[in-house]
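The values are calculated or read from the model by the stated rules, or taken from the named source; none is laboratory data. Being a predicted model, the structure only gives us computed values, none of them experimental. To get the accessible areas, we keep the full protein, side chains included, count just its heavy atoms, and leave off ligands, DNA and RNA. Shrake-Rupley method; radii C 1.70, N 1.55, O 1.52, S 1.80 Å.
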Amino acid sequence: MEVVSILSFLAAAIVLTIMPGPDNLFVLAQSIAKGKKAGISTALGLCTGLIVHISAVTAGLSAVIYQSAVVFSIIKYAGAAYLLFLAYKSFREKNSQFTLTSADTLNYTALYKRGIIMNLLNPKVSLFFLAFLPQFVNYHSGHVSLQMLTYGILFLLQALLLFTLISIFAEKAGNFIRKNPRVSSKINFIQGSLFTLIGLKIAFSQR
């Protein structure tokens, strides 16, 4: 693996990570609504899910998802249904206000698990790695699987760092919103809308 290839990979990975997508929007929604610790817990879950996707690509399992329309559709619609369920829960609580007390008593383990589930039920992630990682592999050097695994780990680390930064800045926005009762009462509605948007994006995604 050449240094130039690694730097090129990291540059491309950073750009792709900060582009609006299901994962960073999910972290953004949790951080605004519940604070940076909630966002970071969710990000850790999402990155744990990335480990599964990266391993699947390295082992060649992602190709099975790509080739099977049935498997792709099952995972895709399960993910969309899960996010729409989270949206439904947010809409039910649309008139409640967030306080610092409620943020302190959050179940961060549950948020971590939610991040894992959300990531695993998005088949586009595996297909993304299936298309993205091989572009930077040096096939003449051999050890192709090891190279792909290394690139996958680098992607995971930069994603976790960027998600953490997103969580920190989103918390500041959330704190500002909490100081305005009229806006604060709408935060569940905003979160539910984001979940709905992400769920529909996954539901209508193509291989």
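Quick notes on this one:
- Check on I40, modelled with pLDDT under 80 and either part of a helix (DSSP H, G or I) or under 16 Å from the mean Cα position of the chain (by Cα) (or both): no
- Residue that is open to solvent by 30 Å² or more (accessible area, probe 1.4 Å), hydroxyl-bearing (S, T, Y) and at pLDDT 75 or above, where the choices are S73, S96: S73
- Subset of segment 109-152 that is open to solvent by less than 20 Å² (accessible area, probe 1.4 Å) and within 11 Å of the chain's Cα centre (by Cα) - its residue that is nearest to A13 (Cα to Cα): V125
- Scan of segment 76-93 for residues that are open to solvent by 10 Å² or more (accessible area, probe 1.4 Å), at pLDDT 75 or above and either aliphatic (A, V, I, L, M) or in a loop (DSSP other than H, G, I, E, B) (or both), ordered by number: A78, A81, L84
- Taken over segment 5-35, the residue count meeting the criterion of being in a loop (DSSP other than H, G, I, E, B) and open to solvent by less than 30 Å² (accessible area, probe 1.4 Å) is 2.
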